[in-house]
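Heads up, the thing below is written out as structure tokens.
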Amino acid sequence: AETNRRSRVAPEREFTLAVEASEALKGALTLSYRVSGASWRPVYDAKLTTGDAGKGSGMVLTRRAIVTQRSGEDWSDIDLSLSTVRAQGGTAAPEVQPQRVAFYELPMPVPMAMARRNAMAEADKAASEKVMAAPAPMAAGAPPAAVVAVAPQAAVDANDFQASYRIPGKLSVPRDGSQKSFAILSRDVVPDLMIKAAPGLDPTAYLEAAFVNQEEAPLLAGDVSLIRDGSFIGKGRIAFTAPGDRVSLGFGADDRVKVSRVPVKRRETEPSLLGSTKSDTREFKISVKNLHDFAIRVQIVDQIPFSEASNLTVEPLAGMTPPTEKAIDDKRGVMGWTYDLKPKEDKDIRFGYKIRWPSDRELTFQRAPNPR
């Protein structure tokens, strides 16, 4: 039983080397090999200090690595290097195949009995494939607790295609898959702070900190723990960010900025005897007020629908507050108003639109795909 347990937990590897020599000699042998079941993922800590009166703001961004391995070998007192190379991913772009478009043809009717037999055969085949593809059951047990270790700064080797982080000191990673956390780099950044709100979806004003990645290596995609003035706010996400690109992180609600959005006008017209067109007019007022004792930058984001049909038009209403950004992140119809509000200052924004469409058609509002 002991032998079987060892074979499951710690498989042994044997290497054979043939050496031919005319006389006795001494030498050193270095063996390098690749094992499966080992991986790492990036995580981040973002600690924001807002300072007094909105000044002196700073942020410490700490890059960490969560390392796990189930190679069957304990890694004891090792030199650990982490690479951004994705060895298990694809090595070339997928091949694009020709695509043919044709008219849809209705399927030929089949007798009811034959259709029932075909359906039962397909169900039996799918069930059989599901059983064959099911993974072997694993022993139940509580997940291993994460083990956190604090380490000095890592050395970075980066070029145009990849980066490697050498964690200083001798480290150990057990073979049972438990997590070990290693600090890679910590950087002080000076963020640009702004209050952002999308009152059409949520009237809450949120504090946002943005900065430029000035490291020589990219920021890999990963979760980020957000801490504002010593308080844990929640978790966010950092997307893959190349050197020189900009990162934006949300740091929770700002209750000292009040935002509201109320409908001012809604008018629908039915087609007359001389026309065959319906219309729908909508107008809104957005109010934002800075209750802080210092000036802040505020961005309000809203939208008007857009149409790609020639007989369905959407027109902005005249006399509305012009947006400072007409297409945020290249999203059609998504616009923004950005202002620097003085202490206790408030601002009103009016916007609206009119939709026209044939009276014999019904409207539907759909979410368009994100262009990014």
Exercise for the section: Output the residues belonging to region 33-63 that are open to solvent by less than 50 Å² (accessible area, probe 1.4 Å) and either at pLDDT below 90 or of a type in the set (F, W, Y) (or both). Expected result: V35, G37, A38, Y44, T50, G51, G54, S57
Fill in the blank from the handout: Given the conditions (1) surrounded by 11 or more Cβ atoms within 10 Å (Cβ to Cβ); (2) touching a strand residue (DSSP E or B) at 6+ places or on another chain (Cβ under 9 Å), every one holds for A368 apart from (2)
Handout entry: Close pairs from region 240-253: first without any contact (Cβ under 8 Å) to a residue 24 or more places away in the chain, partner in a loop (DSSP other than H, G, I, E, B) and open to solvent by 10 Å² or more (accessible area, probe 1.4 Å), Cβ under 8 Å, at least 6 apart
Key = F240/P218; F240/L220; F240/A221
Exercise for the section: Can you confirm whether region 254-268 contains a residue that is modelled with pLDDT under 90, of a type outside the set (K, R), on the phi < 0 side of the Ramachandran plot and touching a Ser or Thr at 6+ places or on another chain (Cβ under 9 Å)? Expected result: yes
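Would you tally the residues in region 18-50 being of a type in the set (V, I, T) and in a strand (DSSP E or B)?
Selection size over region 18-50: 2.
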Problem - So R372, is it at pLDDT 95 or above and under 27 Å from L193 (Cα atoms) - result: no
Practice task
Starting from region 353-368, keep only residues that are farther than 24 Å from D329 by Cβ, then list their pairs with residues that are at pLDDT below 85 whose Cβ atoms are within a distance under 6 Å, requiring at least 6 positions of separation or different chains.
Solution key: S359/P271; S359/S276
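Table: residues versus (1) without any contact (Cβ under 8 Å) to a residue 60 or more places away in the chain; (2) farther than 16 Å from A368 by Cβ; (3) among the aliphatic types (A, V, I, L, M).
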site: D302; (1), (2), (3): no, no, no
site: S310; (1), (2), (3): yes, yes, no
site: T313; (1), (2), (3): yes, yes, no
site: A318; (1), (2), (3): yes, yes, yes
site: P323; (1), (2), (3): yes, yes, no
site: K331; (1), (2), (3): yes, no, no
site: Y339; (1), (2), (3): yes, yes, no
Exercise for the section: Out of the residues in region 1-26 that are at pLDDT 85 or above and of a type outside the set (A, V, I, L, M, F, W, C), state the one that is nearest to L220 (Cα to Cα). Expected result: T16
Exercise for the section: Considering every residue within region 241-256, establish whether at least one is under 16 Å from the mean Cα position of the chain (by Cα), open to solvent by less than 70 Å² (accessible area, probe 1.4 Å), closer than 28 Å to M335 by Cα and among the β-branched types (V, I, T). Expected result: yes
Completion exercise
Selection over region 243-252 where residues are in a strand (DSSP E or B) and on the phi > 0 side of the Ramachandran plot yields a count of 1
Exercise for the section: Confirm whether S287 is among the small types (G, A, S), touching a strand residue (DSSP E or B) at 6+ places or on another chain (Cβ under 6 Å), open to solvent by 50 Å² or more (accessible area, probe 1.4 Å) and touching a residue at least 24 places away in the same chain (Cβ under 8 Å). Expected result: no
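The values are calculated or read from the model by the stated rules, or taken from the named source; none is laboratory data. Keep in mind that what you see is a predicted model, and the values were worked out from it rather than measured. With ideal geometry, Cβ positions are generated from the backbone for all residues, glycine too; neighbour counts draw on all protein chains shown. These area figures cover heavy atoms from the full protein model, side chains too; ligands, DNA and RNA do not enter into them. Shrake-Rupley method; radii C 1.70, N 1.55, O 1.52, S 1.80 Å.
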